[in-house]
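The values are calculated or read from the model by the stated rules, or taken from the named source; none is laboratory data. No experiment lies behind these values; they were computed from the predicted model shown. Here Cβ is always computed from backbone atoms with ideal geometry, including for glycine, and neighbour counts include all displayed protein chains.
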Amino acid sequence: MADDMDDEDGRMQEEEGREDDGDDPEELDGDLDDDIIQEDEDDDSPAEEDDDNNEGLLRRLRLHIRGRLDRDRVQKRPTKVTYDASLPTTHSYLGNDLEEYSGRTVLDEDSYVSLPLLHLPGVILVPGQTLPLHLFNQRIISMMKHVIQNNRTFGMIHDGHNMQPGHDESPANIGTTAEIYSAKEEEDSGVETMRIKATGRQRFQIMETRRQADGILIGRVRIITESVLPDPLEGARCSSHDRLRLIPPLKQAKGVERDMAWIKQRRKRYLRPAQWTWIPPWVYEMYDAEVLMLHIKTELKSWFEDSVKFDTVPSKPSDFSFWVASNIPLADSQRLKLLEINCPVQRLRRELDILRKCTLLHCTECGLDIANKSDVFSMSLDGPMAAYVNPGGYVHDTLTLYSAHNLNLVGRPTKENSWFPGYAWTILQCRHCTNHMGWKFTAVKRKLKPEMFWGLTRSAVQPGFKDTQDQLHLI
Ligand SMILES: [Zn+2]
């Protein structure tokens, strides 16, 4: 099957979801052209420089396997969604027989602990993010068994190899603890495998590492403290006026009008003591976590509109900033930079800056436009982007969109192991450079809405914007 192709990075390009109930009488609707067609280089591809040596060879090989053009381009944001957005959050493709663990391990902030460390290509775990794993490596499986018997916590680390040009390439010495909340080991024809679901918890700094005799990397790490700044106006505030700081319920309808009214109220009730200081109130407002969160939500509405319910996202500035970091399509270096920031206010300011600049998503390899930011659409309660693991064990951060362009389809739709139960997937590649971009999902049952959507893998797209000369800029 064409679905099982590896791309040149050795990444498996399939998808999952063991929800194969087989009771759906209706046919997959996608047009089933030839799986793989060979064709010469396209007419309308953007100009690019000549590749050399290996790069050129790889490119020629990839052009040899070129899919058919994806002609579907849904222009309108789906207004009617019948899909149960809680389904993808369960990662049901990993099976429903995983053993659940209760309780939570909180490591003391600023403490030094020893943790087994795991590195997976393409994974930069953010606190609060769910990490599904499908493990085949016996060494890592025995490490996980040991972890489960202890505090169920291991460390996810990253290296700097995937840094984009122009960014510093120092290895990241920061990681995130992952706490296992369900797991299942099984033996298949004498080979042991393990399925795991874990959640990102606390950031840590790697102080030193050593490799055990069994090959497992153990790190001595320091758990990083979030620097939550005290109220800068505390000294100028009169505590007897505290009750006046409560913002009354706002009667304004919705949207921008309501947000502006809220900011006005906050200025009046929180920033009034600023007049007793030598710093103007607007400076305080620039560093006010609540105001920054409101601005970010306003920006995100231009991305997701109402497909994300903001009352279900974390309300604490620190947790909210991590939720944003895990839901916007950033390059590895950008995501790492956000993780390196210790102060939620600084993190929120950086995120707001990125969100305000970004207007489109383009192919990481060749820079071809793939989607606009307003095409992003959430199909999961976790938000528009989440990590999913394929049957080969490769974890993809996948961003869902209701529209995307300049893509080719490779292979036939299949519902086997679908990350979104009820949808069949087809591999997508960039129309120009044939880089693997993700998957197109098409509804298996006719009543399911939306009928189709696109899931792009984070490593394949980068945020950017175009200037007035139509010149593309990275963020
Ligand atoms: Zn491309």
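A few remarks follow.
- Restricting segment 431-460 to residues that are at pLDDT 90 or above and of a type in the set (A, V, I, L, M), the residue that is nearest to the chain's Cα centre (by Cα): L456
- Single residue of segment 198-255 satisfying the filter (polar (S, T, N, Q) and more than 30 Å from A387 (Cα to Cα)) that is modelled with the lowest pLDDT: Q252
- The single condition among (1) surrounded by fewer than 23 Cβ atoms within 10 Å (Cβ to Cβ); (2) more than 16 Å from the ligand (Cβ to nearest atom); (3) not in a strand (DSSP E or B) that R412 does not meet is (3).
- Number of the exception - L428 against (1) on the phi > 0 side of the Ramachandran plot; (2) modelled with pLDDT of 90 or more: (1)
- Against the criterion of being in contact with a Phe, Trp or Tyr (Cβ under 7 Å, 6 or more places away or on another chain) and either touching a residue at least 60 places away in the same chain (Cβ under 8 Å) or surrounded by fewer than 24 Cβ atoms within 10 Å (Cβ to Cβ) (or both), K447 does not qualify.
- Extreme residue, nearest to M143 (Cα to Cα), among residues of segment 64-117 that are of a type in the set (F, W, Y) and not in a strand (DSSP E or B): Y101
- One residue from T442, T434 being farther than 21 Å from P132 by Cβ and more than 16 Å from the ligand (Cβ to nearest atom): T442
- Selection over segment 340-397 of residues that are closer than 27 Å to M293 by Cα and either within 16 Å of the ligand (Cβ to nearest atom) or part of a helix (DSSP H, G or I) (or both) gives a count of 22.
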